[in-house]
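One structure is given below, encoded as structure tokens.
The values are calculated or read from the model by the stated rules, or taken from the named source; none is laboratory data. Since the model is a prediction, treat every value here as computed from it, not as a measurement. Here the Cβ is made from the backbone with ideal geometry for all residues, glycine too, and neighbour counts use every protein chain on show. Accessible surface is based on the protein model in full, side chains and every heavy atom, while ligands, DNA and RNA are left aside. Shrake-Rupley method; radii C 1.70, N 1.55, O 1.52, S 1.80 Å.
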There are 2 protein chains.
Amino acid sequence: MNKKLVIALLAATIAGTAGAQVKPEDAIKFRQSGYGFMAWNMQRIKANVEGKFDKDEVVKAANAIQAIANSGMGALYLPGTDKGKGWETTRAKPAIWTEKEKLGKAAVAFNKEANEMAKVAATGDAAAVKEQLGKLGSTCKGCHDDFKIKD
Amino acid sequence: MNKKLVIALLAATIAGTAGAQVKPEDAIKFRQSGYGFMAWNMQRIKANVEGKFDKDEVVKAANAIQAIANSGMGALYLPGTDKGKGWETTRAKPAIWTEKEKLGKAAVAFNKEANEMAKVAATGDAAAVKEQLGKLGSTCKGCHDDFKIKD
């Protein structure tokens with residue numbers, strides 16, 4: 001590569017990194033937003049399997065959970081965001097930054113069940129949605145037990 | 001329909017409605033979460049078009065915005081949620097509940113551009129993503145100008 005190109009690439013990389021920089025308080029707020037929005041959608045699916053089943057609503061809810069689950073929220077767990085306040089004081093446990101392998105497994109399990117929920121929702125089979133909601137919810141709970149400070 | 005079936009359907013409808021009931025403070029929190037999470041993803045796409053373009057990250061961000069935009073957040077603007085606190089005091093203007101036609105147009109425009117953003121992101125064309133980000137951003141701004149109390 002010629003020198004000019006190297007400099008251009010380097011400048012682009014630096015610009016990209018600087019541009020992508022998220023303030024710690026924003027990172028905490030964004031991840032709380034992601035979980036908060038998923039909570040609504042979990043609640044909606046639950047209401048649908050317990051009451052009147054509206055396939056369209058379940059599909060919308062499942063798609064939102066799936067897209068958020070796959071959005072790469074891990075990037076919001078920046079160093080230094082183990083303490084601090086977004087919408088509220090973070091309830092992230094220090095284990096998030098130390099037990100990477102365990103966290104990775106929890107994240108993979110959650111994503112798998114979120115993807116499956118979107119597929120099951122598309123079938124419109126209420127009983128299958130109910131069953132999948134249980135599986136998905138257990139991956140939420142598993143992660144909360146290990147990595148989220150209790151209410 | 002026989003009487004038994006009517007009662008069963010009625011019970012299911014009531015259960016469904018009761019189950020889907022969201023507390024006003026939760027409704028405000030959930031919608032703030034949706035916008036908060038979209039803000040992160042808009043910011044990420046912006047960083048990508050201004051710096052180093054990572055197609056995978058842009059696709060994830062665009063898909064999250066699209067799924068949230070199509071999730072039916074209108075249901076979170078329950079009567080009585082024009083005042084109150086979710087994560088913070090709501091900044092919803094009263095016009096949301098009175099200017100339905102204008103709001104409807106703003107919502108349709110936003111959804112259209114969010115859907116288009118997901119399509120454009122999938123092509124990996126950075127220049128097209130940049131252009132579409134401008135269009136999408138202007139639908140956000142248009143709605144904020146009319147329906148959101150300024151910072």
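Hey, could you check segment A:108-151 for residues that are aliphatic (A, V, I, L, M) and touching a Ser or Thr at 6+ places or on another chain (Cβ under 9 Å) and say which is surrounded by the fewest Cβ atoms within 10 Å (Cβ to Cβ)? Filtering segment A:108-151 for residues that are aliphatic (A, V, I, L, M) and touching a Ser or Thr at 6+ places or on another chain (Cβ under 9 Å), the one surrounded by the fewest Cβ atoms within 10 Å (Cβ to Cβ) comes out as A:149. Here A:75, A:62, A:27 are screened, and the one residue that is closer than 18 Å to residue A:103 by Cβ, in a helix (DSSP H, G or I), more than 7 Å from chain B (Cβ to nearest Cβ) and open to solvent by less than 10 Å² (accessible area, probe 1.4 Å) is A:27. Within segment B:133-151, being under 17 Å from residue B:56 (Cα atoms) and either without any contact (Cβ under 8 Å) to a residue 60 or more places away in the chain or in contact with a Pro (Cβ under 9 Å, 6 or more places away or on another chain) (or both) holds for no residue. For segment A:42-59, a residue qualifies if it is within 9 Å of chain B (Cβ to nearest Cβ) and either surrounded by 23 or more Cβ atoms within 10 Å (Cβ to Cβ) or assigned to a loop (DSSP other than H, G, I, E, B) (or both), and the qualifying residues are A:44, A:47, A:48, A:51, A:52, A:53, A:54.
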